[in-house]
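The values are calculated or read from the model by the stated rules, or taken from the named source; none is laboratory data. None of these values were measured; they are calculated from a predicted model. Note: ideal-geometry Cβ built from the backbone for every residue, glycine included; neighbour counts use all protein chains shown.
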Amino acid sequence: MAENPPVCNYEGSDYQTSFWERGDRAYEDAAEGVAIKRLLPKEGNLLLELGAGAGRNTLRYLGFKKVVLLDYSRTQLEQAQQRLGQSERLMYIAADVYRLPFQNGIFDGATMIRTLHHMSEPALALNQVRNVMKENAIFILEYANKHNLKAIFRYLFRKQQWNPFSPEPIEFAALNFDFHPTTVASWLQNSQFAVERQLTVSHFRMSFFKRFFPLKLLVLMDSLAQLTGDAWQLSPSVFVRNRAFGSRTQGKEGLFFKCPACGNGLIDTKPVITCEACGKVYPYENGIYDFRLDK
């Protein structure tokens, strides 16, 4: 396990526009919306959105009193601010998922969607997420599934070399990974997450379906196919509802942040937060906290 895993940084990217808005992804976006609605609790106090990007999914979390949008890219968070605005309900934080800047056991909900597939050390990231969640909190995880039908057929007909049945991740591009369902399940269990429900998503991602079927029909078909997720996982994307179990060391009462460098509790003294233990300085500028260590 790498001590300092590499981070996939979308700084300066127009990902929201180029991939989602102009990339013919309306079907995938709507199908994911159906999955989130099915899995996420209808209400809660404090939700952590990991890999929030430009805030594509944030409006789907209206049942939570407060949402923390976390992304490594500051420019992605600036785009989220432009879409969602600044308010007491939304908090924007630039930070590394491997070094979360929060006290243990404070969130009662979390989501990580289209983010785990950028993790070279996913087990380490999931353990970090579990640390900051309360016992019985709900965590919605999405991951890219190597054990999908397209990959299986390509492998059987010798159109690809890597084996979709083997448990190890496949890195098909730099910091872009597909994972096997049984491997993800083992990581979740080891991090003290109990899988409660699985949905298979984006069954009809191929251009053929998008060309000949209207969007509403594709989303309806996908919403029905999602219900097979507990029986088998053969789609390119899998959503998992998990419940945190077991006890973890609790953070310092009354504090929200901790230093990602040394773990010391931090008092929010914005516009500049200084760690009294190690001297690290974390700025707050234009509504965004910056806890990145290697920026």
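Quick check, is residue 279 modelled with pLDDT of 95 or more, small (Gly, Ala, Ser) and within 19 Å of residue 126 (Cβ to Cβ)?
On the way: modelled with pLDDT of 95 or more: yes; small (Gly, Ala, Ser): yes; within 19 Å of residue 126 (Cβ to Cβ): no.
Taking the combined requirement at face value, the residue does not satisfy it.
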Kindly establish whether residue 208 is aromatic (Phe, Trp, Tyr), over 17 Å from the mean Cα position of the chain (by Cα) and more than 19 Å from residue 35 (Cα to Cα).
-> yes
Output for the stretch 261-273, where each listed residue is under 16 Å from residue 100 (Cα atoms) and assigned to a strand (DSSP E or B) = 265, 266, 273
Residues being within 15 Å of residue 106 (Cβ to Cβ), buried (at least 17 other Cβ atoms within 10 Å of the Cβ) and more than 23 Å from the chain's Cα centre (by Cα) - total across the stretch 252-295 = 2
Could you tell me whether any residue of the stretch 94-104 is surrounded by 20 or more Cβ atoms within 10 Å (Cβ to Cβ), among the acidic types (Asp, Glu) and assigned to a loop (DSSP other than H, G, I, E, B)?
-> yes
Could you list, in sequence order, all residues of the stretch 117-166 that are hydroxyl-bearing (Ser, Thr, Tyr) and without any contact (Cβ under 8 Å) to a residue 60 or more places away in the chain?
-> 155, 166
Show the residue pairs that are 6+ apart or on different chains and have beta-carbon atoms under 7 Å apart, the first residue being within the stretch 167-179 and at positive phi, the second being of a type in the set (A, V, I, L, M, F, W, C).
-> 175/8
Select from the stretch 238-260 the residues that are within 30 Å of residue 145 (Cα to Cα), in a loop (DSSP other than H, G, I, E, B) and hydrophobic (A, V, I, L, M, F, W, C) and list them in ascending order.
-> 245
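Being in a helix (DSSP H, G or I) and either touching a strand residue (DSSP E or B) at 6+ places or on another chain (Cβ under 6 Å) or of a type in the set (D, E, K, R) (or both) is the filter; apply it to the stretch 24-57 and report the residue that is surrounded by the most Cβ atoms within 10 Å (Cβ to Cβ). Break it down into steps so the answer makes sense when it comes.
Going through the stretch 24-57, the residues in a helix (DSSP H, G or I) turn out to be 26-39.
When the remaining residues are screened for being either touching a strand residue (DSSP E or B) at 6+ places or on another chain (Cβ under 6 Å) or of a type in the set (D, E, K, R) (or both), the result is 28-29, 31-32, 35, 37-39.
Numbers: 28: 23, 29: 13, 31: 28, 32: 23, 35: 26, 37: 11, 38: 16, 39: 23.
Among them, the one singled out is 31.
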Complete set of residues in the stretch 59-80 that are surrounded by 12 or more Cβ atoms within 10 Å (Cβ to Cβ) and either out of contact with any strand residue (DSSP E or B) (no Cβ under 6 Å at 6 or more places or on another chain) or assigned to a loop (DSSP other than H, G, I, E, B) (or both) | 60, 63, 71, 72, 73, 75, 76, 78, 79
Subset of the stretch 106-131 (residues that are at negative phi, surrounded by fewer than 24 Cβ atoms within 10 Å (Cβ to Cβ) and in a loop (DSSP other than H, G, I, E, B)) = 106, 113, 115, 120, 121
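Could you check, for the stretch 179-199, whether at least one of its residues is assigned to a loop (DSSP other than H, G, I, E, B), of a type outside the set (Asp, Glu) and surrounded by fewer than 19 Cβ atoms within 10 Å (Cβ to Cβ)?
Of all residues in the stretch 179-199, those assigned to a loop (DSSP other than H, G, I, E, B) come to 180, 191-192.
Those left that are additionally of a type outside the set (Asp, Glu): 180, 191-192.
Still in the running and surrounded by fewer than 19 Cβ atoms within 10 Å (Cβ to Cβ): none.
Scanning the stretch 179-199 turns up no residue that is assigned to a loop (DSSP other than H, G, I, E, B), of a type outside the set (Asp, Glu) and surrounded by fewer than 19 Cβ atoms within 10 Å (Cβ to Cβ).
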Could we say that residue 211 is touching a residue at least 60 places away in the same chain (Cβ under 8 Å) and either over 20 Å from residue 97 (Cα atoms) or not in a loop (DSSP other than H, G, I, E, B) (or both) here?
-> no
Report yes if some residue within the stretch 278-292 is in a loop (DSSP other than H, G, I, E, B), among the hydrophobic types (A, V, I, L, M, F, W, C) and in contact with a strand residue (DSSP E or B) (Cβ under 9 Å, 6 or more places away or on another chain); otherwise report no.
-> yes
Kindly list the number of the only condition in (1) surrounded by fewer than 14 Cβ atoms within 10 Å (Cβ to Cβ); (2) farther than 30 Å from residue 195 by Cβ that fails for residue 247.
-> (2)
Residue 233: assigned to a loop (DSSP other than H, G, I, E, B), in contact with a helix residue (DSSP H, G or I) (Cβ under 8 Å, 6 or more places away or on another chain) and in contact (Cβ under 8 Å) with a residue 60 or more places away in the chain, yes or no?
-> yes
All-but-one check, residue 136 against (1) buried (at least 18 other Cβ atoms within 10 Å of the Cβ); (2) more than 15 Å from the chain's Cα centre (by Cα); (3) closer than 22 Å to residue 247 by Cβ, failing number (1)
